[in-house]
Amino acid sequence: MANTYEGGIPARVYLGTLLVALCFHPIAVGGAVLKQEVALENGATTLNHSMAMVQRMEGLLAQGNGSDVALRVQTVNTDEVKVIQAHTLVLSLQSEVFEELLLSHNTSTLVLREPADCAAVFDKFIRYLYCGDISVRLDQAIPLHKLASKYRVWSLQQGLSQYMTGHLSSDSPTGHVVGWYQYAMQIGDANLRDSCLQYLSWNLSSVLQSGEWGSISDDLLLSLMQRSDLILQSELELYEALEAWIGQNQPASLTVENALRQVRYGMIPPQHLFRLQKQSPVMLKYYESIRDLLFLAFQFHSASPVQLAKYFDVNCSIFTPRNYLSPSWGSPWVINNPTRDDRSFSFQTQLGPSGSDTSKRVTWNALFSPRWLPLSVRSAYTNEMQATRTDGGRPRIIVTPATSSPDFAGVSFQKTVIVTARQGGKMVVRHVYNFHQSTEEAGDFLVEADLHRRASEYLIDSSLYLHVVVKPLYHSLIIARK
């Protein structure tokens, strides 16, 4: 299990133990297995000196006493050589690859060729085989994982994958999530890949402002641009970041065109679209590639969605909002001491992003209960929200419009609640809850959170940090026409 970093000092990460394998692993004798006694006799006790044995094993490696094989680690494409005095028994017990190499090489010296990043951490890797623990820095995770995979040390490989998944938010000078994503794609680690992609999507605003944004690959860029769960200030912020990425990386024209066509121009106010048409170098150069989308966006802003749908076949993605944090789309909500009692607050959003709706305001009531809603509160809401059940101790949140309006016809409102927490010394998105369009409640809201625990990973200084986003969806524009 990996511990978090504190004060910039790498935490010691325990990724399995050699000594447990040596001292407590069941021993096969004549086809039978001798197991450690679970139940001790009355008055008996267990003496555990495993830590002392770990220290002796570490000393054995450091001093080279009784060594019967020398590992000669050569760095590829350099003259750098590192020699480690080791023991055949230990290497063979921990790695089947080492076992095969040692059996096939009848010599006291085993030559291993490694790339520079792996050679730099090879002594740490060997120490893990002796001691069962290893200290890991962010920049060492990939080379150590490569070594664990190459030499088939599965416990270390699995532990490092968990370490990377758990340290996506850790602070690093140049960023590390993009590199870990690309490595996960390389080795086919779907869990790590998806975790990296989710982190980048949920924290995109901060990623766009970091040096890491310029390092993403063409494929990762397009994967992100296609997603509707991106969390950022506005679609304009995404366009401007895309323009900066294009200027820095100078990708092929086809990549630029594909990326530009993933921008949801209907979510950008017309005054900004006019400015981009005249001032954006990328838009001026590739205008013909996206002219149809810009035309559709201007039509969207100049007529009601109902009228637009009567005359045009539309690309639905251009009219589907992402999770925008700007005030037109929702509001932050900080709940102090969330386990204390029920809370409520009100906020306003635009009716919709269409030019005909941006000036119309909708007032929303949000209600949070740490133990579901008491009956006295439920009665103030509509019948469809009055539940007969009571769930003990389970947090709930409900978001409803304060009034109904004829303007709501043809529009459904998808609600998203974003939970922010502090991880690795910075604010990151901890979880995102989406309401089904036909409901007013997030049924799985904070189902895994222990808000009573002061050190809960969902709390910041005993407060719950939420951001409620309301996304209007125009039925006539998101339903494919026949």
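The values are calculated or read from the model by the stated rules, or taken from the named source; none is laboratory data. Only a predicted model underlies this, so the values are computations on that prediction, with no experimental measurement involved. Cβ coordinates were reconstructed from backbone atoms using ideal geometry, including for glycine residues, and neighbour counts include every protein chain displayed. Each accessible area value is taken on the protein alone, full model and side chains, heavy atoms only, with ligands, DNA and RNA left out. Shrake-Rupley method; radii C 1.70, N 1.55, O 1.52, S 1.80 Å.
Kindly indicate the residue of the range 440-462 that is small (G, A, S) and over 14 Å from R430 (Cα atoms) and also modelled with the highest pLDDT among those meeting that condition.
Among those that are small (G, A, S) and over 14 Å from R430 (Cα atoms), it is S462.
Any residue at all in the range 64-73 that's at pLDDT 95 or above and either part of a helix (DSSP H, G or I) or touching an Asp or Glu at 6+ places or on another chain (Cβ under 8 Å) (or both)?
yes
Spot the failing condition for L232; the list is (1) within 14 Å of K285 (Cα to Cα); (2) crowded, with 20+ Cβ neighbours inside 10 Å, and only one is missed.
With respect to (1) within 14 Å of K285 (Cα to Cα); (2) crowded, with 20+ Cβ neighbours inside 10 Å, L232 is out only on (1).
Of the residues T46, T88, T17, which is of a type in the set (S, T, Y), surrounded by 15 or more Cβ atoms within 10 Å (Cβ to Cβ), more than 39 Å from the chain's Cα centre (by Cα) and modelled with pLDDT under 95? Quick ask: steps written out before the conclusion?
Details: T46 fails: surrounded by 15 or more Cβ atoms within 10 Å (Cβ to Cβ); T17 fails: more than 39 Å from the chain's Cα centre (by Cα).
Being of a type in the set (S, T, Y), surrounded by 15 or more Cβ atoms within 10 Å (Cβ to Cβ), more than 39 Å from the chain's Cα centre (by Cα) and modelled with pLDDT under 95 holds for just one of T46, T88, T17, which is T88.
Which of (1) out of contact with any strand residue (DSSP E or B) (no Cβ under 8 Å at 6 or more places or on another chain); (2) open to solvent by 40 Å² or more (accessible area, probe 1.4 Å); (3) outside any loop (DSSP other than H, G, I, E, B) does V334 not meet, given it meets every other one?
(1)
With respect to N365, is the statement that it is within 26 Å of L200 (Cβ to Cβ), open to solvent by 20 Å² or more (accessible area, probe 1.4 Å), at pLDDT 85 or above and not aliphatic (A, V, I, L, M) true?
Taking the combined requirement at face value, the residue does not satisfy it.
Return only the number of the condition from (1) out of contact with any Leu (no Cβ under 8 Å at 6 or more places or on another chain); (2) assigned to a helix (DSSP H, G or I); (3) open to solvent by 10 Å² or more (accessible area, probe 1.4 Å); (4) at pLDDT 95 or above that A119 does not satisfy.
Only one criterion in (1) out of contact with any Leu (no Cβ under 8 Å at 6 or more places or on another chain); (2) assigned to a helix (DSSP H, G or I); (3) open to solvent by 10 Å² or more (accessible area, probe 1.4 Å); (4) at pLDDT 95 or above is unmet by A119, namely (3).
Helices (runs of 4 or more DSSP H) wholly in the range 225-299 with at least 2 residues that are among the hydroxyl-bearing types (S, T, Y) - which ones?
So the answer is 253-260.
For the subset of the range 453-471 comprising residues that are among the hydroxyl-bearing types (S, T, Y) and without any contact (Cβ under 8 Å) to a residue 60 or more places away in the chain, which member is surrounded by the most Cβ atoms within 10 Å (Cβ to Cβ)?
Residues of the range 453-471 that are among the hydroxyl-bearing types (S, T, Y), as a first pass: 456, 458, 462-463, 465.
Okay, now just the ones that are also without any contact (Cβ under 8 Å) to a residue 60 or more places away in the chain, so 456, 458.
Values: S456: 17, Y458: 19.
Among those that are among the hydroxyl-bearing types (S, T, Y) and without any contact (Cβ under 8 Å) to a residue 60 or more places away in the chain, it is Y458.
Just name the residue that is farthest from Q186 (Cα to Cα) out of those in the range 143-162 that are touching a His at 6+ places or on another chain (Cβ under 9 Å) and not small (G, A, S).
Across the range 143-162, the extreme among qualifying residues is L156.
Of all residues in the range 164-178, how many are in a helix (DSSP H, G or I), in contact with a helix residue (DSSP H, G or I) (Cβ under 7 Å, 6 or more places away or on another chain) and surrounded by fewer than 22 Cβ atoms within 10 Å (Cβ to Cβ)? Show your work before the answer.
Initially, the range 164-178 is screened for residues in a helix (DSSP H, G or I), giving 164-166, 177-178.
Remaining after also requiring in contact with a helix residue (DSSP H, G or I) (Cβ under 7 Å, 6 or more places away or on another chain): 164-165, 177-178.
Then drop every residue that is not surrounded by fewer than 22 Cβ atoms within 10 Å (Cβ to Cβ), which leaves 165, 178.
Adding up the residues that qualify gives 2.
So, S104, is that one over 19 Å from L156 (Cα atoms), among the polar types (S, T, N, Q) and open to solvent by 70 Å² or more (accessible area, probe 1.4 Å) or not?
So S104 passes the test.
So, L156, is that one more than 25 Å from V469 (Cβ to Cβ), in contact with a strand residue (DSSP E or B) (Cβ under 8 Å, 6 or more places away or on another chain), touching a residue at least 24 places away in the same chain (Cβ under 8 Å) and assigned to a helix (DSSP H, G or I) or not?
In short, yes.
Pairs, please: C-beta under 8 Å, at least 6 apart or cross-chain, first residue on the phi > 0 side of the Ramachandran plot and assigned by the TED database to the domain that holds L451 and in the range 412-431, second surrounded by fewer than 20 Cβ atoms within 10 Å (Cβ to Cβ) and among the acidic types (D, E)?
G424/D171; G425/D171
Quick check on the range 272-284. Is at least one of its residues open to solvent by 20 Å² or more (accessible area, probe 1.4 Å) and within 33 Å of the chain's Cα centre (by Cα)?
Among the residues of the range 272-284, at least one is open to solvent by 20 Å² or more (accessible area, probe 1.4 Å) and within 33 Å of the chain's Cα centre (by Cα), which makes the answer yes.
Scan the range 128-143 and tell me whether some residue there is assigned to a helix (DSSP H, G or I), more than 22 Å from L232 (Cβ to Cβ), at pLDDT 95 or above and in contact with a strand residue (DSSP E or B) (Cβ under 6 Å, 6 or more places away or on another chain).
Taking every residue of the range 128-143 in turn, at least one turns out to be assigned to a helix (DSSP H, G or I), more than 22 Å from L232 (Cβ to Cβ), at pLDDT 95 or above and in contact with a strand residue (DSSP E or B) (Cβ under 6 Å, 6 or more places away or on another chain).
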